[in-house]
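All remarks here apply to the structure that follows.
The values are calculated or read from the model by the stated rules, or taken from the named source; none is laboratory data. Just so it is clear, the model here is predicted, and its values are computed rather than measured. FYI the Cβ positions are ideal-geometry reconstructions off the backbone, even for glycines, and counts take in every protein chain you see. Surface areas here come from the heavy atoms of the whole protein model, side chains and all, with no ligands, DNA or RNA. Shrake-Rupley method; radii C 1.70, N 1.55, O 1.52, S 1.80 Å.
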Amino acid sequence: RYEPTWSSLDSRPLPAWFDEAKFGVFIHWGVFSVPSFGSEWFWWYWQKEKREPYVKFMEANYPPGFSYEDFGPLFTAEFFDPNQWADILKASGAKYVVLTSKHHEGFTLWGSKYSWTWNAVDVGPKQDLVAELAASVRNRTDLHFGLYHSLFEWFNPLFLEDATNAFQTRRFPTSKSSPELYEIVTKYQPEIIWSDGDGNAPDTYWNSTGFLAWLYNDSPVRDTVVTNDRWGVGSICTHGGFYTCSDRYNPGHLLPHKWENCMTIDKRSWGYRRNAQLGDYLTIEDLVKQLAETVSCGGNLLMNIGPTHDGRIAVVFEERLRQMGAWLSVNGGAIYGTKPWRAQNDTATPGVWYTFSPEESKVNAIFLNWPVSGTLELGEPQAKLGETQVKLIGYKEPLKWVALEGKGIVVALPQLTPQQLPCQWGWTLQLTDIN
């Protein structure tokens, strides 16, 4: 049994499925999807920081005295089709999904008895959105279902009172935040608890170690659940299951601890923005590059979309997800279940990232640019004459190669028309029998 101490909790091995999965989809959805302007931090930027674009937006479009709570009934979700969402998630090639059960605004997407009149069953859709998506994901896909949960809430009076008391009182976590965590685990049995938003309070205030000890010892998901590292000031990148370290974290080198790169297709926001321009969205080339870099350095990629207030996954997000799935349907062997190789990226040719498939003992070289010369120089692999084989995933014939002095090889790529290429945005060489 795990003790409620970091030294004990950090000794728990991470369930193997998480490292093997490599790729997940993050979904930021809530009342902030109604204004869908600027950022999911809309309430804070408008009311607390009084940022000019937010104040002007409200003055121009809403009557005087309109409060953030008035957005609640406008979060309608009338087009929310959890089966369609599940089908898009499956088509993306993702192996897990993480939904925001509650963001810093405190609005819960389930009918929480600890969030009276500020939840999706009492207000807005009048539906348990968490239950509906969980059911569809489990019925229609093999994705692991996870939930994001914000510890703090910007404007909750109990939290503000505790903060005023320098967190010497604990009214908010004992009456709101902690009970919610136990509630979502027992009710929905998520296999990921993605914690966030420590509100500058220590983990002792949140009783994070107490909750995690219960989660790992006695909860219904004790054997499969994974957790992140955002459990109070000082815990990030130090304690917990996998490390996130910061948003959009992509170190570009191998890390000793399992980590995750959580990032957004919309470069500027996690929530949906109605005024986003096409250039604000990462291209599929950008996303494949992020995936290759992240996985080669031992990380998982958690790629975020923000649905609309009426429950749609905007077509630009759907397209990116389906494109990623198309790429993975060809190159998934170089991603899923792989381990980092002795080199992460190539020394001779930039934009080549390596992974290792232990079961087949193959080295995968993912290259992002098809060379004009028709030959690809790899500085890292040490080939064995007469033994080493090089294949392009999605192309039948083995490729010709020559060894360079010392180490490295030059591979002759096949001459293919754009239609004949196995995929359009990054390709994989599989190397067998190399030193």
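Structure above, values below:
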read-out	value
Strands (runs of 3 or more DSSP E) fully within the range 283-388 counting 2 or more residues that are out of contact with any Lys or Arg (no Cβ under 7 Å at 6 or more places or on another chain) and more than 28 Å from D87 (Cβ to Cβ)	352-357, 362-367, 375-378
Boolean, L99 is in contact with a strand residue (DSSP E or B) (Cβ under 8 Å, 6 or more places away or on another chain), open to solvent by less than 70 Å² (accessible area, probe 1.4 Å) and part of a loop (DSSP other than H, G, I, E, B)	no
Pairs where the first residue, in the range 237-253, is small (G, A, S) and the second is open to solvent by 50 Å² or more (accessible area, probe 1.4 Å), C-beta under 6 Å, 6+ apart	G241/L14
Counted residues, the range 395-419 - those being within 23 Å of W327 (Cβ to Cβ) and surrounded by 15 or more Cβ atoms within 10 Å (Cβ to Cβ)	4
Options G199, G111; residue that is outside any helix (DSSP H, G or I) and under 22 Å from W270 (Cβ atoms)	G199
Those residues of the range 327-339 which are aliphatic (A, V, I, L, M) and within 16 Å of Q290 (Cα to Cα), in sequence order	L328, A334, I335
Number of the condition not met by T209 [criteria: (1) in contact (Cβ under 8 Å) with a residue 60 or more places away in the chain; (2) in a strand (DSSP E or B); (3) closer than 30 Å to E161 by Cβ]	(2)
Residue check, D122 farther than 20 Å from D196 by Cα, part of a helix (DSSP H, G or I), assigned by the TED database to the domain that holds V25 and charged (D, E, K, R)	no
Boolean, T141 is over 27 Å from V226 (Cα atoms) and among the polar types (S, T, N, Q)	no
Residues (open to solvent by less than 50 Å² (accessible area, probe 1.4 Å) and over 12 Å from the mean Cα position of the chain (by Cα)) located in the range 267-285	S269, G271, Y272, R273, A276, D280, Y281, L282, I284
Criterion: of a type outside the set (V, I, T) and open to solvent by 30 Å² or more (accessible area, probe 1.4 Å) - qualifying residue of N345, N331, N364	N345
Residue in the range 13-33 that is acidic (D, E) and under 19 Å from T100 (Cβ atoms) present	no
Residue count, the range 216-266 (criterion: more than 23 Å from M324 (Cβ to Cβ), open to solvent by less than 10 Å² (accessible area, probe 1.4 Å) and either outside the structural domain of A16 (by the TED database) or not in a loop (DSSP other than H, G, I, E, B) (or both))	1
Positions within the range 390-400 being assigned to a loop (DSSP other than H, G, I, E, B), in contact (Cβ under 8 Å) with a residue 12 or more places away in the chain and not hydroxyl-bearing (S, T, Y), in sequence order	I393, G394, E397, L399, K400
Filter result for W110 (modelled with pLDDT under 95 and assigned by the TED database to the domain that holds S150)	no
Condition met for L378 (in the same structural domain as W427 (by the TED database) and surrounded by 20 or more Cβ atoms within 10 Å (Cβ to Cβ))	yes
Residue check, D196 in the same structural domain as E260 (by the TED database), out of contact with any Lys or Arg (no Cβ under 6 Å at 6 or more places or on another chain) and among the acidic types (D, E)	no
Residue satisfying all of: in the range 401-420; of a type in the set (G, A, S) and not in a strand (DSSP E or B); farthest from L368 (Cα to Cα) among these	G406
Selection status of F145, farther than 27 Å from T308 by Cβ, in the same structural domain as F107 (by the TED database) and not in a helix (DSSP H, G or I)	no
